[in-house]
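Asks: Below you'll find the structure I mean.
The values are calculated or read from the model by the stated rules, or taken from the named source; none is laboratory data. Everything quoted here is computed from the prediction, not taken from an experiment. Please note: Cβ atoms are built from the backbone with ideal geometry, for glycine as well, and neighbour counts cover all protein chains shown.
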2 protein chains.
Amino acid sequence: MVNFIGFNQILIIICMTEKEQNTEERILIAAKQVFLRKGMAGARMQEIANEAGINKSLLHYYYRSKDKLFLAVFRLAIQNFLPEIKSILLSDVLVTEKIDRFVEGYMNVLLNNPFVPLFILQEIQRDPDRLLNIFLEEGIQPQLILEQFERAVQKGEIKAVDPKHLLINILSLCIFPIVARPMMQRMLYDNDSDAYNEFLRERKKVVSEFVKNAIKK
Amino acid sequence: MVNFIGFNQILIIICMTEKEQNTEERILIAAKQVFLRKGMAGARMQEIANEAGINKSLLHYYYRSKDKLFLAVFRLAIQNFLPEIKSILLSDVLVTEKIDRFVEGYMNVLLNNPFVPLFILQEIQRDPDRLLNIFLEEGIQPQLILEQFERAVQKGEIKAVDPKHLLINILSLCIFPIVARPMMQRMLYDNDSDAYNEFLRERKKVVSEFVKNAIKK
DNA sequence: TATATTTTTGACCAAATGGTTAAACTTTAT
DNA sequence: ATAAAGTTTAACCATTTGGTCAAAAATATA
């Protein structure tokens, strides 16, 4: 008998869109879709299985429980943000230039992962201690930014502001318009998605200017 | 036989903390507690009944379904914010003074209702059309603020800024630190609640200055 | 090719959950 | 005091839901 395994594998590779990647990865992607939109409490294992186009039992075969699968998604969500942020924070430029880059880069990541922030805020409210620990494990270090602001103040590059307030200001201005998009797009732009996208594009400059204006001596 | 009804009522009045107000109201208060913290998907009818100290059937007796009870809570949450905001917006003072008052008043309401914003953002993401309609029914008019900003620009009171960006900036700076409190209090203040309260107090001034600095000519 | 191992599936289960109902209890009206 | 109306309760119900299991299918190994 002829061995069709190789042929099948070739088929699989060709039809990547349908049977793309291994099952474990497909589950994770489907779980991300569902968990990010519905949260832990609103997500259904069956819906994740449907989204992945596989049998529900496979979710447990690969991830054991809903909680474990959720944790994998939570980690993934964090990892979507970390690299971009770290590379900017570690770059060696003036603090004002760094703020420009941060706002630009951070808002880009937010636009590509619009469901992540509300998801994270929601879930941290539900189970703060455990999930904040995961943040630490994934290597989030707000201290890093705060120190940079402090040094910039000492060196006289910027006005003497509380670095914590400055950090929260920047995060607020970037994150809120994404988190509140379903509300604001309807209230301010008659639910015109293109118009709100344009608004968010403008916003990169607006936020940069807004922040820099507040810290220039 | 002696009529004990009057005596019972007196007891009820005395023990207001225990049997306070009528059942319908007690249910609404309990439902608010649970829905605001857990959201529609995470809330349990039994938990609400326990919180109210009554039988679960009474929830359905007074509010028919979980969905109806949720809607009542959603309306209530909006109403907690409206009066304060409206009174400030309608006051006849300079735009800079109005921003001061708005930030002060809005952040006070937020501190008294810290779970409302995340709750609303979460639920609007789940069912945007229906819930945004409720917002309109309750009389939210962002147009009101936008027009005031526009007029202030025309009269030359403030720099020519896009009123929508200005509005989102103010809302962001006020709302985000409350919504992200479970996260930020831990990351920036070692979970010291008093320290974060102090941070939020300072913030009223910081935000006011931050915003006014961005719009002064 | 035959055998062991891994992957996938459908049937099933127990607990949880929103909701119903009839009876008991309380209050009001007559 | 009695009947009527309103309120409260416990027992139930149907469905949903996370999870299990044994058998089937596919794959790897010998």
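Asks: State yes or no: is B:P114 outside any helix (DSSP H, G or I) and surrounded by fewer than 20 Cβ atoms within 10 Å (Cβ to Cβ)?
Replies: Considered against the rule, which asks whether it is outside any helix (DSSP H, G or I) and surrounded by fewer than 20 Cβ atoms within 10 Å (Cβ to Cβ), B:P114 comes out as yes.
Asks: Quick one: would you say B:H165 is free of Cβ contacts under 8 Å to residues at least 24 places away in the same chain, crowded, with 17+ Cβ neighbours inside 10 Å and assigned to a helix (DSSP H, G or I)?
Replies: So B:H165 passes the test.
Asks: Same structure again: A:G156 passes all but one of (1) facing another protein chain (nearest Cβ under 9 Å); (2) touching a residue at least 40 places away in the same chain (Cβ under 8 Å); (3) surrounded by fewer than 16 Cβ atoms within 10 Å (Cβ to Cβ); which number fails?
Replies: If we test A:G156 against (1) facing another protein chain (nearest Cβ under 9 Å); (2) touching a residue at least 40 places away in the same chain (Cβ under 8 Å); (3) surrounded by fewer than 16 Cβ atoms within 10 Å (Cβ to Cβ), just (1) comes out false.
Okay, residues lined up against (1) farther than 24 Å from B:V179 by Cα; (2) within 12 Å of chain B (Cβ to nearest Cβ); (3) modelled with pLDDT of 95 or more:
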{"site": "A:L144", "(1), (2), (3)": "no, yes, no"}
{"site": "A:E150", "(1), (2), (3)": "yes, no, yes"}
{"site": "A:I170", "(1), (2), (3)": "no, yes, yes"}
{"site": "A:P177", "(1), (2), (3)": "no, yes, yes"}
{"site": "A:P182", "(1), (2), (3)": "no, yes, yes"}
{"site": "A:D194", "(1), (2), (3)": "yes, no, yes"}
{"site": "A:N197", "(1), (2), (3)": "no, no, yes"}
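Asks: Please find, within region A:68-84, the residue that is farthest from the chain's Cα centre (by Cα) out of those that are more than 14 Å from every other protein chain (Cβ to nearest Cβ) and either of a type in the set (A, V, I, L, M) or within 9 Å of DNA strand D (Cβ to nearest atom) (or both).
Replies: Checking each candidate, the answer is A:K68.
Asks: If we scan region A:171-185, do we find a residue that is crowded, with 19+ Cβ neighbours inside 10 Å and not in a helix (DSSP H, G or I)?
Replies: The answer is yes, given that some residue of region A:171-185 is crowded, with 19+ Cβ neighbours inside 10 Å and not in a helix (DSSP H, G or I).
Asks: So, in region A:18-62, of the ones that are more than 11 Å from DNA strand C (Cβ to nearest atom) and of a type in the set (V, I, T), which residue ends up farthest from the other protein chains (Cβ to nearest Cβ)?
Replies: A:I29
Asks: Okay, moving on. Only one of (1) away from DNA strand C (no atom under 11 Å from the Cβ); (2) away from chain B (no Cβ under 14 Å); (3) within 25 Å of A:L110 (Cα to Cα); (4) among the small types (G, A, S) fails for A:S65. Which number is that?
Replies: Unmet for A:S65, out of (1) away from DNA strand C (no atom under 11 Å from the Cβ); (2) away from chain B (no Cβ under 14 Å); (3) within 25 Å of A:L110 (Cα to Cα); (4) among the small types (G, A, S): (3).
Asks: Take region B:150-175 and flag every residue that is under 26 Å from the mean Cα position of the chain (by Cα) and farther than 19 Å from A:E209 by Cβ.
Replies: B:C174, B:I175
Asks: Tally up the residues in region B:52-67 that are surrounded by fewer than 17 Cβ atoms within 10 Å (Cβ to Cβ) and either more than 13 Å from DNA strand D (Cβ to nearest atom) or aliphatic (A, V, I, L, M) (or both), please.
Replies: 3
Asks: Let me ask another. Of B:I48, B:I27, B:I85, which residue is part of a helix (DSSP H, G or I) and closer than 30 Å to A:V34 by Cβ?
Replies: Only one candidate qualifies: B:I48.
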